[in-house]
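Structure, as structure tokens:
Read the figures in this text as sums done on the coordinates, not as results from a lab. Here the structure is a predicted model, which is why all the values come from computation and not from measurement. All Cβ positions, even for glycine, are placed from backbone atoms using ideal geometry, and neighbour counts span all protein chains on display.
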Protein chains: 4
Amino acid sequence: MANLISRRQFTIEWAHCDPAGIVFNSRFFEFFDWGTWLLFEAALGVKPPDLAGAFQILGIPLVDASARFLAPARFGDAVELASQVSAFRRSSFDVEHQLRVRGELAVDGRETRVWATRDAADPSLIKPQAIPEAVVARFQRADAR
Amino acid sequence: MANLISRRQFTIEWAHCDPAGIVFNSRFFEFFDWGTWLLFEAALGVKPPDLAGAFQILGIPLVDASARFLAPARFGDAVELASQVSAFRRSSFDVEHQLRVRGELAVDGRETRVWATRDAADPSLIKPQAIPEAVVARFQRADAR
Amino acid sequence: MANLISRRQFTIEWAHCDPAGIVFNSRFFEFFDWGTWLLFEAALGVKPPDLAGAFQILGIPLVDASARFLAPARFGDAVELASQVSAFRRSSFDVEHQLRVRGELAVDGRETRVWATRDAADPSLIKPQAIPEAVVARFQRADAR
Amino acid sequence: MANLISRRQFTIEWAHCDPAGIVFNSRFFEFFDWGTWLLFEAALGVKPPDLAGAFQILGIPLVDASARFLAPARFGDAVELASQVSAFRRSSFDVEHQLRVRGELAVDGRETRVWATRDAADPSLIKPQAIPEAVVARFQRADAR
């Protein structure tokens, strides 16, 4: 069984770049967020703004993020972001994001997110909830099921 | 009577700048937003997140924004943003923002915002509401009243 | 003769939106910048990072920007940005940007930019230069020439 | 001997926040960048844009960044960012960033950066260089030396 991978091609914009002429690091974390939503839409068939409602959750808040910057991405570069869930745990999961510039791995990132609901007793609190097995199953590639 | 002017000094960060080594234009509109909230807090004595609740409004959404870029602001520049309401109308108002670099006017901006509530009949609609006179009066300088 | 119009379809991302759940205003100015580069690539057949070199200019710095916000754009909205040069002057030009959400005009923007070189006597100074007629001609639609 | 810690107090702006009403994660990496420049200015007495020139380096590019998000930061929150170099190696170093909201640790971040120069043989290449001992010494607190 192989993970479902969602891929997005886009071009590095002037606005993404810093005085060194390369993408400023925080932008990659923004790209990772794009990638996660796209992956969830591909896997679950639900538009991102409808995700919470469809699964009676609050959302999939981020609790940890990291990136290694291996090579620069520059203004005008055509890049590809590949995103997949690399691990599901009971109520949290890791999303791996690899950004390639001309086929070369430039940024290797990871987000850890939580499948979260509001606490029934105190709705101001957010609490992790078990990820349904049916959700997990959708992150396997159709051709590999 | 003179307008209340709120002033904020800050430093241009690396992350604000583009490959030309100067502040990317969209950042100035972000600075203007900072300036408007600071001005409203100074005038009304209400923390920004409490503004809507304190005045039973939805907020002060932006309907028009513009800026003239007269001189660049660079990484490390100490700048001052001066913000004032230049015109109050029945339910909208203009905020002028002037950003100076070493005393020189670098960016001259203006936002038009609306004093907005939800429509009573259809809460999904936002509608302009008359700005209370007591609110308008607070945007005059105390020493000029 | 009709203006060349470049169009870009994209989706509003979570990261573009503010606590009101709609695109934060400064992001639209970032989108306008995307639109201008895309238009110049379509018209001149030169990749954005190669534009300055291809025409022996410093770039096309922004001197004025404005936008009217007519309707909100929300997380997940599919939008289209249409960009065209609405006026060429001797050494400056206006780019009009219209962002539509489901066919409805949501943001109407305009940038004024300068065709700029470095001053020969003092390279620290930027100065406007006459826009070549051959450049202007490329911003007319091929089918309309 | 204790590390020099630079601290910066600031307020969470509307523009920093996402539709959940909390700071969007990429902004924290922008704050970390602010923190590193501030720390280097405090330690070395050199304005950020003058750092490269003062030490004959290209800069201090980021090769790795990570953050744990422990508690949300909301619009209007007064926060404090504390930054320190937690480890110096031969030619790289780690900067730890802790962001507190009302005294509570909300985000715990780390950047790994390189003390970098251009390769003498091929100036298009960036290469790590040994960090001068005199530089390292400046990141100890004056009262602890």
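Values for this structure:
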quantity	calculated
Dipole magnitude of the range B:94-145, debye to nearest 20 (Cβ charges: Lys/Arg +1, Asp/Glu -1, about Cα centre)	180
The range B:57-145 - Debye-derived log10 I(q)/I(0), Cα point model, q = 0.16, 0.22, 0.25 Å⁻¹	-0.76, -1.04, -1.16
Candidates B:E96, B:E80, B:E30, ranked by Gaussian network fluctuation over chain B, Cα under 10 Å, top entry	B:E30
For the range D:10-53, the fraction of alpha-carbon pairs in successive 10 Å shells from zero, as %	26, 38, 25, 11, 0
At R0 = 30 Å, FRET efficiency that the Cβ-Cβ distance of D:R141 and A:D94 yields, to 0.05	0.20
Using alpha-carbon coordinates, inclination of helix C:25-44 to the longest axis of chain C, degrees	50
Residue order, fewest to most surrounding Cβ atoms within 10 angstrom, among C:D64, A:D108	A:D108, C:D64
Calculated label separations, A:Q140, copies of the chain, 7 Å along the beta-carbon direction, nm	5.8, 6.2, 7.4
C:D122 versus C:L105: modelled label distance in nm, points set 7 Å from Cα along the beta carbon direction	4.2
Shielding of D:29-38 by partner chains, average beta-carbon count, 10 Å	5
A:K47 versus B:A71: modelled label distance in nm, points set 7 Å from Cα along the beta carbon direction	4.8
Exposure proxy order (Cβ contacts within 10 Å, fewest to most) of D:F75, B:F29	D:F75, B:F29
Ellipticity estimate at 222 nm from DSSP helix runs (n ≥ 4, -39,500 (n - 2.57)) divided over chain B, nearest 500	-6000 deg cm²/dmol
The range B:11-99, relative contact order [Cα under 8 Å, separation at least 6], %	36
Expected-Rg normalisation [2.2 N^0.38 Å, Cα atoms] applied to the protein assembly as shown	0.99
DSSP bridge orientation in chain D - percent antiparallel, rounded to nearest 5	100
Size of electric dipole in the range C:31-145: Cβ of Lys, Arg +1 and of Asp, Glu -1, about Cα centre, debye, nearest 20	140
Tensor-based shape of the range C:1-105 (alpha-carbon gyration tensor, a/c under 1.5 rounded, otherwise prolate or oblate)	prolate
Alpha carbon centroid spacing (whole Å) that separates the range D:23-64 from the range C:91-127	31
Contact order relative to length of the range C:98-145, as percent, for alpha carbon pairs under 8 angstrom and 6 or more apart	20
D:Q56-D:F10 FRET efficiency (beta carbon distance; Förster radius 25 Å; 0.05 resolution)	0.20
Candidates D:L58, D:L99, D:L70, ranked by Gaussian network fluctuation over chain D, Cα under 10 Å, top entry	D:L70
Residue among B:E133, B:E111, B:E13 with the largest mean-square fluctuation in a Gaussian network model of chain B, springs linking Cα atoms under 10 Å	B:E133
